[in-house]
Structure formats: structure tokens, C-alpha cells
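Single-structure report; data block below.
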Amino acid sequence: MSSLENLVRIGQLKLEPSSDGEIVTSLRRAALYLVDAALPSLSPPSRFMLAYDAAHALAFAALRANGYRPDAGRGHRAVVFQTLGVTIGASQQPWLTLDRYHTRRNASEYGDMVEASASEAEDLLMAAQELQALFRHWLVRNRPAVLV
């Protein structure tokens, strides 16, 4: 049984046929967020959230491209990052970086107001851009029709 099937079994993922339209929409959304996240005129917390949203859209699209969807329960945002090794063959480093920033985002979003620094925003932007390139490479090999 694969790790994705195990996540279905414990209720963190659901099997759902992928949709090229949904994947394309997520790719476009991520591209727009990445452009905005690179704007130096925005505050570091804004750039951080845009880079996070871009990375999440990409990781979500990778999961959807494999026929899975996160369940709406606890941890549904984190699981998309944690499955990148399986969904698109990412090494451990990208998903660990994204998972760390997911934790940072949650601390700010749901806890005390903790603003992201300029260096965190830049690091997350670079991680999201690397994820975009990795996912596009995966799509070329596995789902080229999505890129047309």
C-alpha cells in the first residue's frame, strides 16, 4: 500500500479523479502569487503570505494531478506539502522547508501576530519558485497536456 493510500485510509486524503482545468487554475493562481510575492514594494508579511499561497497552490495541484484531494479536516493544508516526495518526486528538502513555513504561517494566522521577516519572505519565495520549476518538469513528463 502506498503512502497516499495510507493517507486515504486514515482520512487525510480522498481519492478523486484529477481535473486538468483545476490543475491549470492552480498553476495560474500560483504564477500570479509568485509575481506579486517578488514585489519589493510590498511588506515582508504580505510577500510571505503570497509566496506561501503560491507554494500551497502548486502542492495542491500536484496532489490533484495524482488523483487525490486533501480532506477538509485538521492538517489539510500541511498534507499537500508532506506528500510532495510521492506526488512529484521532490527530495526531502523542499517539503521540509515548505512544512516549516506552513508552521510559521499557522503561528501567525491562528496565534499571536508574528510578522514574517524579509529574509523569511525571500526564502519562501525561492522555495515556491523551485517548487514551480520542479512541478512543471514533472508535468512535462507525466501530464504534458496540462501545459498546453
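For the reader, a short list of remarks on this structure follows.
- Complete set of residues in segment 103-127 that are modelled with pLDDT of 70 or more and of a type in the set (Asp, Glu): Glu115, Glu120, Glu122, Asp123
- Here is the figure for segment 79-100: residues that are within 15 Å of Val8 (Cα to Cα), part of a helix (DSSP H, G or I) and out of contact with any strand residue (DSSP E or B) (no Cβ under 7 Å at 6 or more places or on another chain) total 3.
- Among the residues of segment 57-99, those identified as in contact with a His (Cβ under 8 Å, 6 or more places away or on another chain) and open to solvent by less than 30 Å² (accessible area, probe 1.4 Å) are Pro70, Ala78, Val80, Phe81.
- Some residue of segment 4-25 being farther than 30 Å from Ser119 by Cβ, touching a Leu at 6+ places or on another chain (Cβ under 8 Å) and outside any helix (DSSP H, G or I): yes
The values are calculated or read from the model by the stated rules, or taken from the named source; none is laboratory data. Owing to the predicted nature of the structure, the values given are computational and were not obtained by experimental measurement. A quick note on method: Cβ atoms are made from the backbone with ideal geometry, for glycine too, and the neighbour counts reach across all protein chains shown. We work out accessible area using only protein heavy atoms, side chains counted, and drop any ligands, DNA or RNA first. Shrake-Rupley method; radii C 1.70, N 1.55, O 1.52, S 1.80 Å.
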